[in-house]
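Worksheet: one structure, shown below.
The values are calculated or read from the model by the stated rules, or taken from the named source; none is laboratory data. None of these values were measured; they are calculated from a predicted model. In this analysis, Cβ positions are derived from the backbone assuming ideal geometry, glycine residues included, and neighbour counts consider all displayed protein chains.
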Amino acid sequence: MKLLLRSWLGRSPILFVAWCIVAAFGAYFCMYAFRKPFTAGTYADISLWGVHYKTILIVSQVLGYMCSKWMGIKVISELKPSSRQVLIIGLIVFAEIALVLFGIVPAPYNFLLLFLNGLPLGMVWGVIFSYLEGRKFTEALGMGLSISLIVSSGFLKTIYFQVGSLLPDLSEFWLPAIIGILFLPAFLLFSWMLNMIPEPDLTDKNLRSERLPMTSADKKLVLKNYRWGIMAFVLIYMLLSTMRDFRDNFSVEIWDEIQPGWNANVFSKTETIIGFVVLVSVACISIFRSNAKGFAAVQGLIALGLMICGASTFAFSRQLIGPFTWMLTLGAGMFLAYTPIQVALYERMIALFKIKGNAGFFVYISDAFGYLGSVVLLFYKEFFFKDLQWSQVLIHFSYLLAALGLCALCFAWFYFSEKSKNYSVAIGDGKREVVV
């Protein structure tokens, strides 16, 4: 059955692309059912150490998620294909057990369970993307992951409110576990679909270079050769990840401030539109067979997204656009910059410079710092600007993102342009390794 199905997928490009997108979208959407629904709760009557309990819960899970990213730098970069399915199912089951315990243990002591919930979930993305990277259609295949990342949180918040209305006696602490249980069968189905995807063929390896588990020596070499450019990309990603997490975790509070009486369906509406825009934009990068042009196109898309973030926030601050338009355009700009880094930027960089490694290594370095930024922003707001509105924090951070992000991107552009010239010279001289 497995060999027959893989044979069909290998013979039909259309079926292969559709299968990969559905499998990746479904698996990552279901992962968010174990991570995000609790953020739709308000936990209004509880505090701990003088800090709002929702902030404690979010920080606890983000810390677990951040630790997961740091562990993923090793685990995902060294992951062998034969271990993928067992690992991804184990990660999800562990997260669900933590949610059940979150419902059992009384507040305020149950915040520790959200740390355990986040601890495995941060590695799910890397396992899924390992099925997709290193292929001539990787940007298109990665759209399943990207769209899931964008739309899942909004839809799951809507589902949270719907399940809550059907089970009015169920506490905010039990709803996340119930939603996780509802999505577990679907996750198992999509993880099976991922495991049916055939390995990259010879054409994929020639166009994008073979993706291999990395050794410690491989990691040290690539960081030595490309450290400054990678640091610039990590800074951009950290800023984007911090704002994405903040906008998502406190979207209920932000909407309460900018448009009292908002409808709960606003989450699914904005994120669906954003998902469509990002899907079309990032998928277009696949048309570039040249890795040099593709790498440049990705950076151009990131620049466009950063500029949209700054411009839309400026327009909202001057009352030129309304709340819905602002949240929509801000989210679109943010994901236009954020998504290409995950599914295309490092993918093209590896292919362009023939780096021995995989995209998971670079993305997990970026993610580790990204979630560190999320924690810092939350504590900064809670302890230094406790009375500042959530929407004002988002406005200020949007300006910071646009300014610093564009500066870092300009640096990376010039840095990798010089690297590309040196690489071309090295190849022309018959050398196999670029020397910094």
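Values for this structure:
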{"quantity": "Single match in Val234, Val222, Val252 (criterion: over 30 Å from Leu328 (Cα atoms) and either in contact (Cβ under 8 Å) with a residue 12 or more places away in the chain or assigned to a loop (DSSP other than H, G, I, E, B) (or both))", "calculated": "Val222"}
{"quantity": "Selection status of Ser366, surrounded by 20 or more Cβ atoms within 10 Å (Cβ to Cβ) and among the polar types (S, T, N, Q)", "calculated": "yes"}
{"quantity": "Matching option when the condition is within 26 Å of the chain's Cα centre (by Cα), at pLDDT below 85 and not polar (S, T, N, Q), among Tyr415, Tyr380", "calculated": "Tyr380"}
{"quantity": "So Phe111, is it touching a strand residue (DSSP E or B) at 6+ places or on another chain (Cβ under 8 Å), in contact (Cβ under 8 Å) with a residue 60 or more places away in the chain and of a type in the set (A, V, I, L, M, F, W, C)", "calculated": "yes"}
{"quantity": "Residue count for the stretch 2-39, restricted to those that are polar (S, T, N, Q) and under 27 Å from Val93 (Cα atoms)", "calculated": "1"}
{"quantity": "Residue within the stretch 144-167 that is in contact (Cβ under 8 Å) with a residue 60 or more places away in the chain, in contact with a helix residue (DSSP H, G or I) (Cβ under 8 Å, 6 or more places away or on another chain), in a loop (DSSP other than H, G, I, E, B) and within 29 Å of Gly331 (Cβ to Cβ) present", "calculated": "no"}
{"quantity": "Out of Asn117, Asn110, sole residue that is touching a Phe, Trp or Tyr at 6+ places or on another chain (Cβ under 6 Å) and not charged (D, E, K, R)", "calculated": "Asn110"}
{"quantity": "Single unsatisfied condition, Gly331 versus (1) out of contact with any helix residue (DSSP H, G or I) (no Cβ under 6 Å at 6 or more places or on another chain); (2) in a helix (DSSP H, G or I)", "calculated": "(1)"}
{"quantity": "Filtered residues of the stretch 201-225 (kept if more than 18 Å from Ser366 (Cβ to Cβ) and under 23 Å from the mean Cα position of the chain (by Cα))", "calculated": "Arg208, Leu212, Pro213"}
{"quantity": "Residue within the stretch 80-95 that is aromatic (Phe, Trp, Tyr), assigned to a helix (DSSP H, G or I) and either crowded, with 18+ Cβ neighbours inside 10 Å or touching a strand residue (DSSP E or B) at 6+ places or on another chain (Cβ under 9 Å) (or both) present", "calculated": "no"}
{"quantity": "Only one of Ile274, Ile181 that is of a type in the set (Val, Ile, Thr), more than 29 Å from Leu388 (Cβ to Cβ), in a helix (DSSP H, G or I) and in contact (Cβ under 8 Å) with a residue 40 or more places away in the chain", "calculated": "Ile181"}
{"quantity": "Qualifying position, being within 18 Å of Gly229 (Cα to Cα), at pLDDT 90 or above, of a type in the set (Phe, Trp, Tyr) and not in a loop (DSSP other than H, G, I, E, B), among Phe316, Phe369, Phe295", "calculated": "Phe295"}
{"quantity": "Pairs where the first residue, in the stretch 117-136, is touching a residue at least 12 places away in the same chain (Cβ under 8 Å) and the second is among the acidic types (Asp, Glu) and surrounded by fewer than 24 Cβ atoms within 10 Å (Cβ to Cβ), C-beta under 7 Å, 6+ apart", "calculated": "Gly134/Asp204; Gly134/Glu210; Arg135/Asp204; Lys136/Asp204"}
{"quantity": "The stretch 199-217: number of residues that are at negative phi and surrounded by 16 or more Cβ atoms within 10 Å (Cβ to Cβ)", "calculated": "7"}
{"quantity": "The one condition in (1) closer than 29 Å to Asn291 by Cα; (2) among the β-branched types (Val, Ile, Thr); (3) assigned to a helix (DSSP H, G or I); (4) in contact with a helix residue (DSSP H, G or I) (Cβ under 6 Å, 6 or more places away or on another chain) that Ile350 fails to fulfil", "calculated": "(4)"}
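Results for (1) β-branched (Val, Ile, Thr); (2) assigned to a helix (DSSP H, G or I); (3) surrounded by fewer than 18 Cβ atoms within 10 Å (Cβ to Cβ), shown as yes or no for each residue.
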| site | (1), (2), (3) |
| --- | --- |
| Ile355 | yes, no, no |
| Leu378 | no, yes, no |
| Lys386 | no, no, yes |
| Tyr399 | no, yes, yes |
| Leu404 | no, yes, yes |
| Phe411 | no, yes, yes |
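One line per residue, one yes/no per condition, for (1) among the basic types (Lys, Arg); (2) in contact (Cβ under 8 Å) with a residue 24 or more places away in the chain; (3) within 18 Å of Phe246 (Cβ to Cβ):
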position	(1), (2), (3)
Val298	no, yes, no
Ile308	no, yes, yes
Phe362	no, yes, no
Leu372	no, yes, yes
Lys386	yes, no, yes
Ala402	no, yes, yes
